[in-house]
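The block underneath contains the structure these notes are about, expressed in structure tokens.
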Amino acid sequence: MALVTTKKMFEDAYKGKYAIGAFNVNNMEIVQGITEAAKEQNAPLILQVSSGARKYANHTYLMKLIEAAVIETDLPIAVHLDHGNSFELCKSCIDGGFTSVMIDGSHHTFEENIALTKQVVEYAHAKGVTVEGELGRLAGVEDDVNVSAEDASYTRPEEVQEFVERTGVDSLAIAIGTSHGAFKFKPGQTPKLRFDILEEIERLLPGFPIVLHGASSVIPEYVKMVNENGGQMPDAIGIPEDMLRKAASMAVCKINIDSDLRLAMTGVLRKHFADNPSHFDPRQYLAPARDAIKEMVAHKITTVLGCNGKA
């Protein structure tokens, strides 16, 4: 099977009341862990590449790793640019074989966001590539995205219909209370997703696929594993998984997961070195890290996304 766009994935997900996992990749072990889990669960898959990952691993290396994953799994896999911040970056990814791109113009004015998103849509659609836009701003830090709590803003439902109609975008990332990074909420806070906003958007744009960024749950066992083995992560609370599952049963067709993968991998690596200080063969410590990624992804597919058996 060749790489696919997100178009049919999202059509099926909307009708089936589930979401597709969009997992960020940075190296071979992460790609392997994600795709092996998806194969075992027979789940469709989006592999996301941030601008930081492209700089770190090189576009060509990442594309060849993803091509290998398609061959090994025979799954429908889309390769997606996460948080593209310019037309030039989106164009480079489209020309380089990506089947989906995100143009994040949420830091611009409404009209500037429309103009930039429309420019990317016109170029992408001419190449058969789908486009994700964004309205509203999520707080938090992830790669090149850094938004303070003061600058964060919920998506305004009254703007969504006009934005989609004027840009021709294929899916839309919205801000309803999720947050980038691992340090989303402090212990004692109660994370809350604005389902009222999601319901209103669903009413205004029936059948249109919505995306949630910043949807990691900061699973405590991995935070504990990091801290018990030399780490210094503060206690934090992520997005409760039952809230994400509810969103996936509504208009949300794509849920982004990155921080939970990083935590699982880092926790296992720290524990491995603490337990095996003499190990120096990368295969000895990267294999359990890859297994942790696989376990995490299988959990997300079956418990949060509900897309197991949907490939």
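Laid out as a table, the results:
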read-out	value
Residue-normalised accessible area of the chain, expressed per residue, 1.4 Å probe, Å²	43 Å²
Extension gain from Thr190 to Ile71, taking 0.36 nm per residue of separation minus the Cα-Cα distance	38.5 nm
For Ile77, distant residues with modelled amide H under 5 Å away	Val4
The chain - mean residue ellipticity at 222 nm from DSSP helices (-39,500 (n - 2.57) per run, n ≥ 4, rounded to 500)	-14500 deg cm²/dmol
DSSP-defined beta bridges in the chain - what % are antiparallel, rounded to 5	15 percent
Pair Asn276, Ala2: separation of 7 Å Cα→Cβ label points (nm)	4.2 nm
Share of carbon and sulfur in the accessible heavy-atom surface of the stretch 1-109 [1.4 Å probe, %]	54 percent
Fraction of accessible area attributable to carbon and sulfur, the stretch 193-281 (%, probe 1.4 Å)	54 percent
Listed residues Gly136, Gly33, Gly52, most fluctuating in the chain (Gaussian network, C-alpha, under 10 Å)	Gly52
Most fluctuating residue given options Lys254, Lys192, Lys17, as computed from a GNM of the chain linking Cα atoms under 10 Å	Lys192
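The values are calculated or read from the model by the stated rules, or taken from the named source; none is laboratory data. Owing to the predicted nature of the structure, the values given are computational and were not obtained by experimental measurement. Counting neighbours? That spans all protein chains shown, and the Cβs are built from the backbone with ideal geometry, glycine included. Ligands, DNA and RNA are stripped out before the accessible areas are found, and what is left, the full protein with its side chains, is counted by its heavy atoms. Shrake-Rupley method; radii C 1.70, N 1.55, O 1.52, S 1.80 Å.
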